[in-house]
Amino acid sequence: GSKDPAAGGCILMWALVTAASLCGVFAQSFLFGIVFVRLSRADARASTVAFSSCAIVRAAHGALFLAFRVAEMRKRHHLLGVRARAYAFVDIGDGTECFPLPLEAPAPSGDLLLATPALIVHRLDDLSPLVPPHPSAKPAARAAAAA
């Protein structure tokens, strides 16, 4: 290569520019890491979502519904793109099995805006894992209906 006219052939200038560039890269990496850790900590954010301590079973339109409320406790910086899903963990003789609960409310997709408390509703019908099987129903028919 050729000599840089601004440096005048001084090796110390090249070392100084290289050290400054490396310090800048390390500083940006450090600051990016701090911001990333702050934004990706879900534990602190998850503690701001509160569930009602009691659930209710109510009769409406000739059917039974299980309902409970969920709300966000923060006053600012509300969660966006919240999706509600509910699961039932049923104790079976040799272990525990997990069943998804289809939701009637807030919407079948489960999208929520937690700026105000939201009501989560599940219909208790023959397909619900929370309803005991009818004595005349066969176990295989019930398992096929739930799937």
#### Entry: Accessible area of segment 62-142 belonging to carbon and sulfur atoms, whole % at 1.4 Å probe
60 percent
### Message
Using a 1.4 Å probe on the protein heavy atoms only, what accessible surface does CYS54 show? Give it in Å² to the nearest 10.
### Response
100 Å²
### Message
Which three numbers, in whole Å and largest first, are the semi-axes of the equivalent ellipsoid of segment 23-128 derived from its Cα gyration tensor as √(5λ)?
### Response
38, 18, 11
### Message
If I take the Cα coordinates of segment 87-130 and project them onto the principal axes, what are the three extents in Å, biggest first?
### Response
42, 21, 15
#### Entry: Estimated FRET transfer efficiency (VAL17, VAL37; beta-carbon r; R0 41 Å; 0.05)
0.85
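The values are calculated or read from the model by the stated rules, or taken from the named source; none is laboratory data. None of the values given here were measured: they were computed from a predicted structure. Please note: Cβ atoms are built from the backbone with ideal geometry, for glycine as well, and neighbour counts cover all protein chains shown. The protein model used for the area step is the full one, side chains on, heavy atoms only, and it has no ligands, DNA or RNA in it. Shrake-Rupley method; radii C 1.70, N 1.55, O 1.52, S 1.80 Å.
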